[in-house]
Amino acid sequence: MAICGHKDIPPSCPSKDEPMGEKIFAQFLELDVSFIAGGTKYEFAACLQGESNHNHLPCGHDLLRATSVLFAQLAFWLDKARRFVEAAISHGGACKARSATEQDGLRGWEENPGKSIRIRQQSKILEEDFVVIVDMNEDRIKRWNSDELPIYEPGLMEVVKALLADGKQACRGKNLFFSTDVKKGIGVGKGRAADLRFIESVGRTIAQYANRSKIVIEKSTVPIKTAEAIARVLSANEAAAGGSKNFWILSNPEFLAEGTAMKDLDAPDRVLIGGQDQDAIQVLADVYANWVPRDRILTTNLWSSELSKLVANAMLAQRVSSINSISRLCERTGADVKEVARAIGTDSRIGPKFLNASVGFGGSCFQKDILNLVYICQQFGLEECAAYWQQVVDMNDYQKIAFTSKIIQSLFNTVTKKKIAVLGFAFKKDTGDVRETPALMVCDMLMKDGAIVHVYDPKVVIEDALTEFKYHDLEVNKNQLIFSKSPQEACDGAHAIVVVTEWDEFKTYDYKSLYDKMMKPAFLFDGRNMLDHAALVDIGFEVHALGKGQIKSSGGQSQIPDFVTRAGSGLLSGGYSP
Ligand SMILES: NC(=O)c1ccc[n+]([C@@H]2O[C@H](COP(=O)([O-])OP(=O)(O)OC[C@H]3O[C@@H](n4cnc5c(N)ncnc54)[C@H](O)[C@@H]3O)[C@@H](O)[C@H]2O)c1
Ligand SMILES: O=c1ccn([C@@H]2O[C@H](COP(=O)(O)OP(=O)(O)O[C@H]3O[C@H](CO)[C@@H](O)[C@H](O)[C@H]3O)[C@@H](O)[C@H]2O)c(=O)[nH]1
């Protein structure tokens, strides 16, 4: 979680004649606001939950990915603005605070010449702005403070470790801090749909440590009505302690996706703020307006905001399950799922995104959030609605099983003692995250059938994979799961290559040299439909891709003799059933 603040309220700023006007100034006094930037001022405790699935025990096994990068980003912007102001002052420049709607801090300052006195005020304030990100996990915090950040995210390192021209760190240690001192950030725990124990405990923590009235922001994905629980816990604890502080609860769900987090934060499709108090909503909207255009900042009531986050993920996952179900049909009929996706995606009502057939969706959010939705529907007696969304998850499991069954079946109905090279273990490219990765079920099924699985993933280490197996109560014989240092090492002597994650580098490999060192026939199963299949057939591979029937060589020749393709394609169960 994160708290933004200012070490004390600077006497010189803001004055009532500042552009933000009377109303915000009133809030400034009322809230004892301690953070001021570009005409915005606020103080809040970010309410962040850890991760867990509906059907799993609570477990915070990674760092506050969403909120931390958000606030790291904010610190970055502040720092950019501050540095620009410093530069402007040293050049005797004349600039004024950029308007809240301008996206680019530097451009905003440059293009709006004004009174230099204001520069000095802003500079002083911005220099003292800070963001503290706290997490009770000491190891994680240690890594946030080191050169090895605990998560991989393109662009994140540049923000956290940004350097000034003199080699000093621009943000970390200056206005961006990582700490285990939870009371500094007023911490929040983690819960599953039906279990608000952690939310409750966080409410108590906030009530205990808050030194003045606060806006409390739900940043985590939470079941609808969680804000009500937080509000009740806060007010009851405050009353019991004889205090008079106010707490305004806002829902501000995070929509960033892993692998594109920094881009998503920089230019989000929308920011959603739900609340009951318009002034509190406005304070948070003003924060975002530092880099998000106002028309992309949506405000709703609390419950719409909480529910919208679950629904957004459910709808996205539903598209993936829908196209995956069609991929199975394509394999039986000779249609090509990529062509079908293109054909339907050009209908502007459907759109082209999230129509890539895959071995199955993964990640910490989709399954958890759909299961939350299912649970909530059931709580309200909406059994048919619950069953509808449950099917999205069931289809996803079926896809993973069907894909792996096909591998086993193609390798003459057994993979016992066979070396299988698995390319990719992360749940998607550009992340090292393995939570709910489809690779888990694929590898588990292969290993249960006796295969020796050699994984190569540019960002995943075996320890993280083993943790995820354990989390799912899946036993791993360490002789059957080997993490290779290179794709060559993984593929050398293998019977098959299985592509599970769509890392760009997988497209660049010299597949001829990999093929030469594999057992023959050499199989390749493309669980992401990302490789040039005809070229692979030309090399000599027997290629199986999702949602495609027989794959032909570039010259149009069939790769598999007819008697094999006629042999049927029933699923193997391998201990799993859809
Ligand atoms: N990962 C994403 O891409 C993403 C995107 C949007 C929204 N979200 C939502 O954000 C939330 C967090 O996701 P995540 O992936 O960062 O989870 P996570 O489990 O990786 O991180 C949660 C962190 O919270 C810490 N924590 C738990 N209780 C604490 C407490 N009381 N005080 C201080 N720290 C505490 C844990 O140690 C852990 O490091 C979830 O609700 C998730 O649904 C995540
Ligand atoms: O056409 C597609 C698109 C995605 N996927 C898979 O779906 C999963 C989820 O992908 P994505 O949504 O890109 O990643 P997440 O980081 O899980 O992001 C989702 O979950 C976050 C956490 O709630 C939300 O904030 C984001 O908006 C939402 O996209 C991954 O396994 C992808 O490989 C497919 O199989 N086919």
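The values are calculated or read from the model by the stated rules, or taken from the named source; none is laboratory data. These figures come from a predicted structure and were not determined experimentally. The protein model used for the area step is the full one, side chains on, heavy atoms only, and it has no ligands, DNA or RNA in it. Shrake-Rupley method; radii C 1.70, N 1.55, O 1.52, S 1.80 Å.
Tell me, what is the per residue accessible area of segment 282-389 in Å², probe radius 1.4 Å?
Working: 5020 Å² over 108 residues.
That works out to 46 Å² for each residue.
Of D266, D538, which has the most accessible area with a 1.4 Å probe, and how do the rest follow in descending order?
Values: D266 60, D538 80 Å².
Ranked list, largest accessible area first: D538, D266.
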TODO: Give me the percent of the accessible area of segment 317-361 that comes from carbon and sulfur atoms, probe 1.4 Å, all protein chains in place.
DONE: 55 percent
Task: Filter on K448/K552; K368/K418; K478/K548; K219/K368; K368/K429 - keep pairs with C-alpha separation over 25 Å - done: K448/K552; K368/K418; K478/K548
Open item on the list: With every protein chain left in place and a probe of 1.4 Å, what is the accessible surface of H495, to the nearest 10 Å²?
Closed with: 50 Å²
- [ ] Determine the relative contact order of segment 306-386: mean sequence separation of Cα pairs under 8 Å and six or more apart, normalised by residue count, in whole percent.
- [x] 35 percent
